Amino acid sequence: MQQILKTWQKYIIEDKQKKEAAVAVIINEKEQILLLKRADWTEKFPELWNLPGGGVDKGESPVEAAIRETKEECGLDININEENKIHTDYLRNMTIHFYVCKDYSGKIDKTKFELTDDQDPEHEHTKFIWVKPNNLEHYETIPGTENVVRKAFGTREIL
C-alpha cells in the first residue's frame, strides 16, 4: 500500500497545499476493469496504464470528482456514492479516495483517445482496455494499481 501512496502523491501533488484526488475502479459485467493508457507526452507516468481519476476541484466532493474525471477521461457516466469507497489514503499533502464502480452507463467515447496534435491536453490518454484482474501483469501500470484492484474485488489475491 505504501507504493500506492508514493505513486499517487507524485501524480497529484504540484505544490505544498493539501490536495485531494479521487480514483474509480470500474468493473464491467464480465468482471473486467477499465484501464486507460497515458500519452507519451504526459509529464507524469507517460505511457503507463492507469485507472480513471484525478484531482478534486475546489468546492467539489471526492465522489463528484471521480464522476467528473471519469466522464472527462473516457466518456462513461458512473454512479457512485460514499458507500462505494474502498480505501482512503491520508498523506502529508494529499488525501486519495478510491471508489469501486459496477454501475455505469454510456459507451466509451473513442474520440477522447484520438490525438489531434502532439500534446493535446484534452487527450491525456491514447488507449483504453477492459482487462481481467489476473491479466494486469501483462500491462505496465502505475505502481500500486494491482493492490487497488485487489481491494475492489475484496481479496488479497489477484483473480
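Nothing in this text is a laboratory measurement; each read-out follows from the coordinates by a stated rule. From a predicted model like this one, the values you see are computed outputs, not experimental measurements. Cβ placement follows ideal geometry from the backbone for every residue including glycine, while neighbour counts extend to all protein chains displayed.
As a calculated quantity, the FRET efficiency between S61 and I108 at R0 = 22 Å, using C-beta atoms, amounts to about 0.35. Couplings for the stretch 40-55, taken from phi via the Karplus curve 6.51 cos²θ - 1.76 cosθ + 1.60 with θ = phi - 60°, read 5, 8, 5, 5, 9, 6, x, 6, 9, 7, 9, 8, x, x, x, x Hz in order; Gly and Pro are left as x. Between the amide H of H87 and those of F98, distances stay under 5 Å, these residues lying 5 or more places away or on another chain, with hydrogens modeled in the peptide plane. If the segment from E82 to R68 were pulled out straight at 0.36 nm per residue, it would be longer than the present Cα-Cα gap by 3.5 nm. For the stretch 76-90, the Karplus equation 6.51 cos²θ - 1.76 cosθ + 1.60, evaluated at θ = phi - 60°, returns couplings of 7, 9, 9, 10, 9, 8, 4, 5, 8, 5, 9, 6, 9, 9, 10 Hz by residue, with Gly and Pro reported as x. Amide H to amide H distances under 5 Å link K102 with I27, where only residues 5 or more positions off or on other chains count and H is placed in the peptide plane. A cut-off of 5 Å between modelled amide H atoms, ignoring neighbours fewer than 5 places along the same chain, links E20 with V56, T95. Karplus-based coupling profile of the stretch 27-32, in residue order and whole Hz: 10, 8, 5, 9, 6, 9, with θ = phi - 60° in 6.51 cos²θ - 1.76 cosθ + 1.60 and x standing for Gly or Pro.
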